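The values are calculated or read from the model by the stated rules, or taken from the named source; none is laboratory data. This one's a predicted model, so the numbers in the text were calculated from it and none came from an experiment. Note that each Cβ is placed from the backbone with ideal geometry, even for glycine, and that neighbours are counted across all protein chains shown. Only protein heavy atoms, including side chains, enter the accessible area calculation; ligands, DNA and RNA are left aside. Shrake-Rupley method; radii C 1.70, N 1.55, O 1.52, S 1.80 Å.
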Amino acid sequence: MAPLYVGFGCRRGCPAVVLETLLHRALADIGLTLATLRGIASIDLKAQEPGLRQLAEQLGLPLTLYSAQQLQPFLPLLSHRSEMAFNTTGCWGVAESAALALASEGQRSPILTVTRQVLGGATLALASNG
């Protein structure tokens with residue numbers, strides 16, 4: 001299996017435990033473990049989110065943040081477009097776009113491995129580049 005990249009969107013103050021639970025559920029659904037993950041991504045507006053930073057630190061993974069403009073090219077690949085997310089962030093889908101952006105850094109065409117999943121105030125998507 002190609003390495004996976006996780007993208008998160010979250011409401012302000014979303015606790016790390018919610019993000020972690022969502023991640024474990026998504027990986028379990030596809031029969032994979034944390035060992036396949038290579039990075040975590042989100043939109044730059046989430047730079048100071050404690051839950052996101054705490055999860056990245058716990059997992060020992062880099063947290064990469066992208067601007068809405070950097071996420072825009074991935075719009076055609078999204079499985080879901082959220083008007084609320086767009087009105088808040090300028091991006092139609094933070095989790096999917098961020099996962100795709102991070103997976104694309106390997107110079108390959110990124111694909112969504114797990115489309116948008118939701119738990120509480122968090123969204124998650126997994127992408128790969130293989």
| said: Give me the percent of accessible area attributable to carbon and sulfur for segment 29-130, probe 1.4 angstrom. | reply: 50 percent
| message | Modelling each spin label as a point 7 Å along the Cα-to-Cβ direction, I'd like the Val118/Gln69 distance in nm, to one decimal. | response | 3.0 nm
| query | Per the Kirkwood treatment, what hydrodynamic radius in Å, one decimal, follows for segment 55-130 from the mean inverse distance over all distinct Cα pairs? | reply | 12.7 Å
| said: Can you compute 3J(HN,Hα) from phi for each residue in segment 114-122, using the Karplus curve 6.51 cos²θ - 1.76 cosθ + 1.60 with θ = phi - 60°, rounded to whole Hz and x for Gly and Pro? | reply: 10, 6, 2, 10, 10, 8, x, x, 10
| Counting only heavy atoms of protein chains, what accessible area per residue, in Å², does the chain have with a probe of 1.4 Å? | 50 Å²
| Could you give the length gained on full extension between Glu83 and Arg108, defined as 0.36 nm per residue of separation minus the Cα-Cα distance, in nm? | 6.1 nm
| request: Any chance you could look up the accessible area of Ile111 with a 1.4 Å probe, heavy atoms only, rounded to 10 Å²? | output: 90 Å²
